[in-house]
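One structure is given here, and the rest of the page talks about it.
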Amino acid sequence: MTPRRFLRPFVALSLLAVPLAAAGTVLPGATPVDDAPRVAGWQSSAPQSDLPEVDAQELLRDLEILAHDSMEGRRPGTPGIERARSFILASLDDRGVAPLHGERFQSFEFQNRRDGQNYVGHNLLGWFQGTEHPDSYIVLTAHYDHLGVVNDQIYNGADDNASGVAVLLAAARHFAANPPAHSVVLAFLDAEEMGLQGARAFVADAPIPLESIVMNINLDMVSRSEVGEIYAAGTYHYPFLLPLVEEVMEASRITVLTGHDSPDLPPGQDWTMASDHAPFHQQGIPFIYFGVEDHAGYHDPSDTFENITPDFFVESARSILHFVTLADRDGQMILERSERETAVSVGQSR
Ligand SMILES: [Zn+2]
């Protein structure tokens, strides 16, 4: 399927004139940001009224911390991923995100096929109770693990996937100030790089009834695109979500594309099974997966904070949050249109 393109001018901004605090010295949640740069000067013909605001400085700082060398590439079972967990947990507390029905952790055991070792993974869970439909849940997911240290090289995983985690933390800020109509779950998933283990555990031992899940919105690699493009994959399987994605396309200041989700694509180009949305899709739960095209930093030590495209990332976060608000607005329609059929194929993870 050819991607649909709604071209928007991508105008670079010097958002980062304000130097970010050195990640190693920032305690989680310790720095209230009152002077965050705003993007009001952005030149665009797109209507802006629907776009949620994002604290750009905080968003970038969160990514920088999670991708810092001290996190050692966030490999499951290492002190580095413990530090990442501590940072996420402190950020959730700081932003007033309640544990999901009293549970902050979903721990699970699995065997990594590549090294034959057994691991314990920990998903981190929070939620905002819906004001109108508290028993229906929009589940936002982003994996916080990455590849760790290989041959003495740190794989920082800035785009993959400190970026998605930072957007989930921005969603926490947003919904703390703007309570959703449907309940919104924030699920920070572990061990995606070892085979979508955290997402599999979430679905297999679901902390909420699967039939009550409106949809999954998965974020994995959302901060790096020199050409200002992000994909919203999933409308091939769930075409009733296309009008929502088109609303985001029209309001966004970056280029939002559909595609990467149909079985007739060349090997590796169908992302249907490529990240944590797959176990939800296998249960027939609708998904939209936000992610950028593969780039030079993909599963490479050069996937660092310095190499993301910050202006793009801020707009990517706003567009993703915009989609989440539309899913909340149309949640009852999505529940009615979902056919909940089961897909079965399995592919390689991103
Ligand atoms: Zn990833």
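The values are calculated or read from the model by the stated rules, or taken from the named source; none is laboratory data. This structure is a prediction, so every number in the text was calculated from the model and none was measured. Glycine gets a Cβ as well: all are built from the backbone with ideal geometry, and neighbour counts include every protein chain shown.
Key figures
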item	result
First in region 213-239 and touching a residue at least 60 places away in the same chain (Cβ under 8 Å) and of a type in the set (Val, Ile, Thr), second anywhere and within 15 Å of the ligand (Cβ to nearest atom) and part of a loop (DSSP other than H, G, I, E, B), Cβ under 7 Å, 6 or more apart	222/292; 230/222; 230/292
Any hit, region 87-107, residues being of a type in the set (Asp, Glu) and touching a Ser or Thr at 6+ places or on another chain (Cβ under 8 Å)	no
Some residue of region 97-107 being farther than 19 Å from residue 182 by Cα, under 17 Å from the mean Cα position of the chain (by Cα) and crowded, with 19+ Cβ neighbours inside 10 Å	no
Condition met for residue 171 (among the aliphatic types (A, V, I, L, M), surrounded by 24 or more Cβ atoms within 10 Å (Cβ to Cβ) and within 16 Å of the ligand (Cβ to nearest atom))	no
Residue within region 270-282 that is touching a Pro at 6+ places or on another chain (Cβ under 7 Å), among the charged types (D, E, K, R) and in a loop (DSSP other than H, G, I, E, B) present	yes
Residues satisfying the stated conditions in region 219-236, i.e. under 16 Å from residue 167 (Cα atoms) and either in contact with a Pro (Cβ under 9 Å, 6 or more places away or on another chain) or not in a loop (DSSP other than H, G, I, E, B) (or both)	219, 223, 230, 231, 232
Cross-chain or 6+ apart pairs with Cβ under 7 Å, region 125-139 first and within 11 Å of residue 175 (Cβ to Cβ), then polar (S, T, N, Q) and surrounded by 19 or more Cβ atoms within 10 Å (Cβ to Cβ)	127/183; 128/183; 129/183; 130/136; 130/183
Neighbours by Cβ (under 9 Å, 6+ apart or cross-chain): first from region 156-169, aromatic (Phe, Trp, Tyr); second in a loop (DSSP other than H, G, I, E, B)	none
Residue satisfying all of: in region 258-269; more than 16 Å from the ligand (Cβ to nearest atom) and out of contact with any strand residue (DSSP E or B) (no Cβ under 8 Å at 6 or more places or on another chain); nearest to residue 230 (Cα to Cα) among these	269
Single unsatisfied condition, residue 181 versus (1) more than 14 Å from the chain's Cα centre (by Cα); (2) surrounded by 19 or more Cβ atoms within 10 Å (Cβ to Cβ); (3) over 20 Å from residue 201 (Cβ atoms)	(2)
Test for residue 223: is it of a type in the set (Ser, Thr, Tyr), within 30 Å of residue 120 (Cβ to Cβ) and within 16 Å of the ligand (Cβ to nearest atom)	yes
Qualifying residue in region 286-304 (condition: surrounded by fewer than 23 Cβ atoms within 10 Å (Cβ to Cβ), modelled with pLDDT of 95 or more and away from the ligand (no atom under 16 Å from the Cβ))	no
Filtered residue count, region 109-167, keeping only those that are away from the ligand (no atom under 16 Å from the Cβ), acidic (Asp, Glu) and modelled with pLDDT of 95 or more	4
Residue within region 273-288 that is β-branched (Val, Ile, Thr) and over 21 Å from residue 318 (Cα atoms) present	yes
Hey, residue 191 within 30 Å of residue 336 (Cβ to Cβ) and in contact (Cβ under 8 Å) with a residue 60 or more places away in the chain or not	no
Residue list for region 182-208, filter: within 16 Å of the ligand (Cβ to nearest atom) and assigned to a helix (DSSP H, G or I)	197, 198, 199, 200, 202
Residues that are surrounded by fewer than 23 Cβ atoms within 10 Å (Cβ to Cβ) and within 20 Å of residue 176 (Cβ to Cβ), drawn from region 54-86	55, 57, 58, 61
Given (1) part of a helix (DSSP H, G or I); (2) surrounded by fewer than 24 Cβ atoms within 10 Å (Cβ to Cβ); (3) within 16 Å of the ligand (Cβ to nearest atom), index of the condition residue 211 fails	(3)
Selection within region 314-350 - at pLDDT 95 or above, touching a helix residue (DSSP H, G or I) at 6+ places or on another chain (Cβ under 8 Å) and either under 14 Å from residue 164 (Cα atoms) or not in a helix (DSSP H, G or I) (or both)	314, 316, 317, 319, 320, 321, 324, 330
Hits in region 132-178 - residues which are small (Gly, Ala, Ser) and out of contact with any strand residue (DSSP E or B) (no Cβ under 8 Å at 6 or more places or on another chain)	157, 158, 162, 166, 170, 177
